[in-house]
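The values are calculated or read from the model by the stated rules, or taken from the named source; none is laboratory data. In this text, all values refer to a predicted model and were calculated from it rather than measured experimentally. Here the Cβ positions follow ideal geometry from the backbone for every residue, glycine too, while neighbour counts run over all protein chains shown. For the accessible areas, the whole protein counts, side chains as well, though only heavy atoms, and no ligand, DNA or RNA atoms are used. Shrake-Rupley method; radii C 1.70, N 1.55, O 1.52, S 1.80 Å.
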Amino acid sequence: MLNIGCHLSSSKGFTAMARNVLKINADTFQFFTRNPQGGRAKEIDVKDVAEFNNIAKRHNFAKFVAHAPYTLNPCSDNPSTREFAEMVFVDDLHRMEFVPGNYYNFHPGSHVGQGVEQGIAMISDLLNKILQPSQSTMVLLETMSGKGSEVGASFEELQQIMSRVKLKDKLGVCLDTCHVYSAGYDIVNNLDAVLTEFDKIIGLKNLKAVHLNDSKMPFASHKDRHEKIGQGTIGKEAIIRFINHEALKNIPFILETPNDLNGWADEIKMLQEAYKG
Ligand code: FE
Ligand code: FE
Ligand code: ZN
């Protein structure tokens, strides 16, 4: 079986998300830790997380992915934005310990004109400040499409961040299929070469999760517009080759496709049937 799920609303808490996971025959999921445009997180409900942890264990869920808000930017040129990034990181990682042993994914940041070197330094500085030896959560850098001044659209930039971080066992990568295709990695015609390059530069052992999306935009467009599986420029065949690649066994696949719960259930069913593992 493929470890697969989709991005769910967290507004009704963890138990409600677990029930939706079961409803669509998934075994993982993703959610925003707070409003993606920023703002406060909901208080942890101890009963809710206890029930969630029970369901996840009983049904053998794969690791889930918590997604940081889009407004978290460790390499902004604005000091108060950088302070907000630190506050969110510390607070979210604290709350993640109520549901231990999962992933926390974030967009590395946008350097907004300061240059990519400065951006990389600021991102790794923040990670060195907030990562703790005792935490059970692994933080994931997401591969980006390279729109605007985004850091992390190349494997080299992600590697440069990782190489500066001290607690290396607390840090991994989440590969977004739409983003890498938009960034100029041809997973449609050259999947083996892309994964070989990933392995050479970042190391496949550091690839911990996948955002499985088709794309509305052409190859190497540096635009970030997700599409339903099979309706975009990546296409169903390439996605099916992707989930079946031997280098990607036992990784949670998260759909961030524009769907409702029924649409995701259909995509999951189609992908499970196409999975040969
Ligand atoms: Fe993302
Ligand atoms: Fe993504
Ligand atoms: Zn995206």
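Here are a few things to note about the model shown:
- Whole-angstrom gap from region 174-227 to region 76-93, using each part's C-alpha centre: 27 Å
- Of all DSSP beta bridges in the chain, antiparallel share, percent nearest 5: 10 percent
- Exceeding the 18 Å Cα-Cα cut-off - candidates Lys42/Lys170; Lys63/Lys236; Lys57/Lys168; Lys170/Lys208; Lys170/Lys200: Lys42/Lys170; Lys63/Lys236; Lys57/Lys168; Lys170/Lys200
- The residues of the chain expose, per residue, 44 Å² of accessible area to a 1.4 Å probe.
- Taking the Cα centre of region 64-177 as origin and assigning +1 to Lys and Arg Cβ atoms and -1 to Asp and Glu Cβ atoms, the resulting dipole is close to 220 debye.
- Listed residue (Phe198, Thr28, Tyr185) projecting farthest to the positive dipole end of the chain, Cβ model: Thr28
- Computed over all pairs of different Cα atoms, the Kirkwood value for the hydrodynamic radius of region 33-97 is 13.4 Å.
- Proportion of all alpha-carbon pairs of the chain beyond 33 Å (%): 16 percent
- Restricting the calculation to Cα atoms, every distinct pair contributes to the Kirkwood radius of region 189-277, found to be 13.9 Å.
- Backbone amide hydrogens, once placed in the peptide plane, bring Ile4 within less than 5 Å of Asp27, Thr28, Phe253, excluding anything fewer than 5 places away on its chain.
- Hydrodynamic radius (Kirkwood) for region 3-148, which is based on Cα pairs only, to one decimal in Å: 16.0 Å
- Here the average projected area of the convex hull drawn through the C-alpha atoms of region 100-224 stands at 7.4 nm².
- Packing here is the average count of other Cβ atoms within 10 Å per residue, and on that basis the peptides 25-31, 258-264, 36-42, 93-99, highest first, run 25-31, 93-99, 258-264, 36-42.
- Gaussian network model of the chain, Cα within-10 Å springs - most flexible of Thr257, Thr137, Thr81: Thr81
- Selection from Ser149, Pro100, Tyr275, by position along the positive dipole direction of the chain (Cβ): Pro100
- Converting phi to 3J(HN,Hα) with the Karplus coefficients 6.51, -1.76 and 1.60 and the offset θ = phi - 60°, region 5-12 yields x, 9, 7, 10, 6, 9, 5, 9 Hz in sequence order, with x at every glycine or proline.
- Spatial separation of Cα centroids for region 240-277 and region 1-38, in angstrom: 15 Å
- Note, ³J(HN,Hα) from phi for region 111-116, Karplus 6.51, -1.76, 1.60, rounded to Hz, x at Gly and Pro: 7, 5, x, 7, x, 5
- Long-range HN-HN contacts of Gly172 with modeled amide H, under 5 Å: Val139, Leu140, Leu141
- Structural descriptor for the chain: relative contact order 18 percent, calculated from alpha carbon pairs under 8 angstrom and at least 6 residues apart.
- The chain, accessible surface, carbon-and-sulfur percent (1.4 angstrom probe): 49 percent
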